[in-house]
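Written out below as C-alpha cells is the structure these notes cover.
The values are calculated or read from the model by the stated rules, or taken from the named source; none is laboratory data. As the structure is a computational prediction, the values presented were derived from the model and not from experiment. Counting neighbours? That spans all protein chains shown, and the Cβs are built from the backbone with ideal geometry, glycine included.
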Amino acid sequence: MSHFMVRGLSLVATSMTFALAGIAGPALGASESEQQLVEKAEATFRNFQRDPEMSWIRENIRNAKAVMIAPEVRRAGFIVGGSGGRAVLLARDPGTGNWSGPAFYTLATASVGFQAGIDRSETVMLVMTDKGLNSLLSNQLKLGGDVSVAAGPVGIGGERGFTTDVVAFSRSRGIYGGVNLDGTLVNPNEDWNKRYYGTAATPADILVRKSVTNPTSARLRDQVAQAATR
C-alpha cells in the first residue's frame, strides 16, 4: 500500500473520530441539564400526542413496553456525516401498568441518516417487545442490528400493524420521517443518571428495580401514563 493511500486512510479515520467526538459533545447539547432534557421530553411527547398525523402512537402506546423520547437529534457537519442526541426512556411495569423512569441515554451514528435539508429532528420511539426493552437495559444497543427498528406510519394508513421491536417517529419543521435511525448506537448515560438520581444507577435500577426515583419527572411519567390508558 502506497504512502499516500495510508495517509489518506488515516485522514478518513481521523475525520470519523472528530465527527463522533462532536456528536458526543456540543451536538448533543452538552450545556443542557438533566431536568431541562426531561422538560423538553415532556414538550416533545405532548406535541406528538396532539399531532393529528401521529394517530399510530395514540392507538398503540397502550401496547408498548417502553417509550424513548429524544427532543433533539442533530446532524454533525463533518466530512464523515453523523447524527446524535440525548434521550430519556420510560418503561411500563407489566404487572401494575405503572410507568417508571426516566433513564438517560445518548444516541450516535456515523451514517448520514437525515433527509436532505434537515439538520435536526425530534423523535419518539415505542418499544413494542420484551427483546427491545431488555436490549435497552444492556450496555449498548444498535438499532437495526441488535433489535429491529421501523419508521412508524403517519397520517392516512397509520393504523397498519408492525412486527418489529422498535417503531420510531420523527419530524422536523413539519417534515415527517426526518431521520433514519437504522444503525444508531444507543448507550445509557451513566453520568447523567448518577447526577439526576444522586447515586450510581443503571437503567435496570431505574426502570425495573425502581430503586431510585426523582419527583421532578412526575409530570413526564403522568403524561405517558395518561396517553397509555386512553
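Quick one: which residue in R173, R219 is more than 16 Å from Y105 (Cα to Cα), modelled with pLDDT of 95 or more and either crowded, with 22+ Cβ neighbours inside 10 Å or of a type in the set (K, R) (or both)?
Checking each option against the conditions leaves just R219.
Can you name the residue in the stretch 43-65 that is of a type outside the set (F, W, Y), assigned to a helix (DSSP H, G or I) and over 17 Å from L90 (Cβ atoms) and is also farthest from the chain's Cα centre (by Cα) among such residues?
Among residues in the stretch 43-65 that are of a type outside the set (F, W, Y), assigned to a helix (DSSP H, G or I) and over 17 Å from L90 (Cβ atoms), the one farthest from the chain's Cα centre (by Cα) is P52.
Give just the number: which of (1) surrounded by 15 or more Cβ atoms within 10 Å (Cβ to Cβ); (2) modelled with pLDDT under 85; (3) not hydrophobic (A, V, I, L, M, F, W, C) does K40 not satisfy?
Single failed check for K40: (2).
For the stretch 48-68, does any single residue satisfy the condition of being under 26 Å from D191 (Cβ atoms), touching a Leu at 6+ places or on another chain (Cβ under 9 Å), at pLDDT 95 or above and of a type in the set (K, R)?
Yes, that holds for at least one residue.
Do we find that R86 is at pLDDT below 95 and not in a helix (DSSP H, G or I) in this structure?
In short, yes.
So which pairs qualify, if the first residue must be in the stretch 141-159 and at negative phi and among the polar types (S, T, N, Q), the second must be modelled with pLDDT of 85 or more and part of a loop (DSSP other than H, G, I, E, B), the Cβ gap must be under 8 Å, and the two must be at least 6 apart or on different chains?
S148/T164; S148/D165
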